[in-house]
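Working notes, structure below.
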Amino acid sequence: MEYAIQELSRLSGVTTRALRWYDKIGLLKPAGRTEGGYRLYGPAEVDRLQDILYYRALGVELAQVKAILDDPSYDRLAVLRGHLAALEAEQRRIQGLISSVKETILTQERNEIMSDEKKFEAFKRDMLKNYGDTYEAESREKYGDQEVDRMLTRVKGVTRGQYEEWERLGQEILEKLSAAVAAGSDPAGEAGEEITALHHRWLTVMGDKYDLQRHRGLAELYVQDERFTAYYDRERPGCARFLRDAVLAWAK
């Protein structure tokens, strides 16, 4: 089935002005034109527009979207799975926030004062529930009950300050990864060394003892498990692989 530009606009919610701009910059060329010169879009163009919208929803710039979609190695199914994993992770994060806000509202309605520590405990409880619903069974099968139980005990004992530092380090790692990949830096170079050191701190800030093999194994998981890859690559593809390569080069 083919669509005129007005029809594709109504179908996708993308304005005709934006579709014309996509055509001009080579991001979404029409399949052809009518005798009157009007743009026509076929199934391949509809699929490409869908991919564009997925990347735009993740905050990827148009120039980068074009480079990704035009890459001969582009694997649409793998990318869609990555998008799904990223969206599901975001859904879980939002659900945790919704639960925390609901509890805060209930506290306000009862004229109670919720301390900062209690707010954090509610958030931590929701975080553990989300982990239990999503990853716990898989983790127990892969790593064993003893290892998972130790991890859950550590998380339950995490202080608000430790969690805030863990969040800050995680965000710093994402920002430095994006900058390093954009600059074409070598994971075995200075940027990779700095990111590996940050990742080392991130792994131990909640009280975990540093384990070199676990560090390297986790880095490998970032490129083997599409959920981790989607998390690190959500703003700039290649970040998960850069982190893996940096850790393998510098964690010694």
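The table for this structure:
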| quantity | calculated |
| --- | --- |
| Accessible area of the stretch 1-93 divided out per residue, in Å², using a probe of 1.4 angstrom | 62 Å² |
| Those residues of the stretch 158-179 whose amide nitrogen sits under 19 Å from the label point placed on LEU97, 7 Å along Cα→Cβ | 163-172, 174-175 |
| Ranked by how many other beta carbons lie within 10 Å on average, peptides 86-99, 61-74 from highest | 86-99, 61-74 |
| Accessible carbon and sulfur surface of the stretch 1-65 relative to its total accessible area, %, 1.4 Å | 52 percent |
| Residue (of LEU58, GLY36, ILE68) at the positive-pole extreme of the stretch 25-72, dipole from beta-carbon charges | GLY36 |
| Unsatisfied cross-links (Cα-Cα over 18 Å) in the set LYS209/LYS252; LYS102/LYS156; LYS29/LYS66 | LYS102/LYS156 |
| FRET efficiency, 1/(1 + (r/R0)^6) with R0 35 Å, evaluated for ILE105 and ALA44 via beta carbons | 0.15 |
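The values are calculated or read from the model by the stated rules, or taken from the named source; none is laboratory data. Here the structure is a predicted model, which means the values were calculated and not measured. Ideal geometry is used to build each Cβ from the backbone, glycine not excepted, and the neighbour counts take in all protein chains shown. For accessibility, only protein heavy atoms count, side chains too; no ligands or nucleic acids. Shrake-Rupley method; radii C 1.70, N 1.55, O 1.52, S 1.80 Å.
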